[in-house]
1. Run down A:ILE38, A:ILE124, A:ILE112 and say which single residue is in contact with an Asp or Glu (Cβ under 8 Å, 6 or more places away or on another chain) and either touching a residue at least 24 places away in the same chain (Cβ under 8 Å) or within 12 Å of chain C (Cβ to nearest Cβ) (or both).
2. Go through the range B:127-147 and give me each residue that's assigned to a loop (DSSP other than H, G, I, E, B) and facing chain D (nearest Cβ under 7 Å).
3. Restricting to strands (runs of 3 or more DSSP E) lying wholly in the range B:1-114: which have 3 or more residues that are surrounded by 15 or more Cβ atoms within 10 Å (Cβ to Cβ) and touching a Lys or Arg at 6+ places or on another chain (Cβ under 9 Å)?
4. Can you find a residue in the range C:61-76 that is away from chain A (no Cβ under 14 Å) and under 11 Å from the mean Cα position of the chain (by Cα)?
5. Enumerate the pairs (first residue in the range B:60-89 and of a type in the set (D, E, K, R); second residue anywhere and in a helix (DSSP H, G or I)) with beta-carbon separation below 7 Å, excluding pairs fewer than 6 apart on the same chain, so at least 6 apart or on different chains.
6. More than 27 Å from B:GLU122 (Cβ to Cβ) and within 14 Å of chain B (Cβ to nearest Cβ): is that true of D:PHE18 in this structure?
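Every number here is computed from the coordinates shown, using simple stated rules; none is lab data. Nothing here was measured: the structure is a model prediction, and the numbers come from that model. Here the Cβ is made from the backbone with ideal geometry for all residues, glycine too, and neighbour counts use every protein chain on show.
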Amino acid sequence: MDKKKPKKVFVQGAIPPEKIANSVANHQSKTEIGAHSIFLGQIRADEVEGKTVTAIDYTAYEEMAENVFHEIREAAFAKFDITCAHIYHSLGRVNVGELCLFVFTSSAHRKIAIEATNFFVEEIKAKVPVFGKEIFEDETHQWKVNK
Amino acid sequence: MDKKKPKKVFVQGAIPPEKIANSVANHQSKTEIGAHSIFLGQIRADEVEGKTVTAIDYTAYEEMAENVFHEIREAAFAKFDITCAHIYHSLGRVNVGELCLFVFTSSAHRKIAIEATNFFVEEIKAKVPVFGKEIFEDETHQWKVNK
Amino acid sequence: MTVTIKYFGLVAEAAERFEEILELDGVLTASELKAQCLNGLAIADKESVQIAVNQNLDDKITLKDGDEVALLPPFAGG
Amino acid sequence: MTVTIKYFGLVAEAAERFEEILELDGVLTASELKAQCLNGLAIADKESVQIAVNQNLDDKITLKDGDEVALLPPFAGG
């Protein structure tokens, strides 16, 4: 494990859209950047046997998750010539239409940024111990599984 | 040519980061969306023979460009199962560190949104008659060519 | 030996607990402990539950005193 | 026949004009008109200049009265 302190990824509740504007604005002084690639996960009102999802309640094995996020970052920086990378993931209740994941990478060139964001999204889905309870209108629930 | 009125793509000057937050916020009521993919082009302080780019001044064959943007949109909607797609491109002077391109697609599923954004970016670079004058600190310039 | 067991998501729900500290005898691998912990729980697909020992997903590991063990249902991040 | 010619980017710079209306005689293809317009202009790579007739990039087209022709240097959008 790298000695550097892992960056904090988890945020309580939904990620506000303003966070995206702020993150982009914070990179306007980095004039070696030519491309930003952003991925946002939004809670979908899925229908399951006639019931509709109204929210997902996220929990995580937080210590392990933060370490895995950190390892994914290290791997991404080793693999792609990116200038910066930021990840935010929600914990707790996120309602339908709100954002639960924000991945943001920047590079001199577009293809690198786009591939790096892709890598982050796939790695996060596959490797990070985050659990999602899909809550229906009637307060029943089912557990989400990534495909 | 489709009869639908093409959407306005060009904006004067740089694209403000707040526009991204607003666009995302506007899609939170669309609860069939599970993923947004965003690409941003930012003006890079490239060095050319010891001189540094300070801005790009964009011009376009506007009528044709708006039609080509519209055709790219139509092709993207035919090819990808996306919910929405938005493109904004700057005209006029955009300084280093500022945004000149904003592509934003949304879909139920992540791969579709990511592929659609990719498609838009490549098509825009290849097919839209937009011209960029790279302006150096000493007010000399060179004409940008997409690779 | 003493090990701390953490339960997450649907495993925590089925086990009705988030954490417990167990006193164990003998030599035990992670996968044996997993079978023991899940035994009797109402979980449809026990194969899909992973066990992490000190954040390591290798279920062949032999447990030792002080280990932190986590029972992890399928991941759903992003 | 009368055609409107629009110049863009480095072509406009070299030609020192953005637009002109020409009165042309005879039968002329787009590529012939392009050669005629670029003749004598200080443009390093004339091959890279495309011609659009009524927004159509086909340079085999035969021109007709009222056409809008555009001389387009390499694209640099995005």
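1. When all the criteria are applied, what remains is A:ILE112.
2. B:VAL128, B:PRO129, B:LYS144, B:VAL145, B:ASN146
3. The qualifying strands (runs of 3 or more DSSP E) are B:35-42, B:51-60, B:82-95, B:99-107.
4. No, the range C:61-76 contains no residue that is away from chain A (no Cβ under 14 Å) and under 11 Å from the mean Cα position of the chain (by Cα).
5. Listed by first residue and then by second, the contacts come to B:LYS79/B:PHE119; B:ASP81/B:ILE112.
6. Taking the combined requirement at face value, the residue satisfies it.
Residue by residue, here is whether (1) closer than 28 Å to A:TRP143 by Cβ; (2) within 14 Å of chain B (Cβ to nearest Cβ); (3) not β-branched (Val, Ile, Thr) holds:
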{"residue": "A:MET64", "(1), (2), (3)": "yes, no, yes"}
{"residue": "A:ILE72", "(1), (2), (3)": "yes, no, no"}
{"residue": "A:THR83", "(1), (2), (3)": "no, yes, no"}
{"residue": "A:GLY92", "(1), (2), (3)": "yes, no, yes"}
{"residue": "A:ALA108", "(1), (2), (3)": "no, yes, yes"}
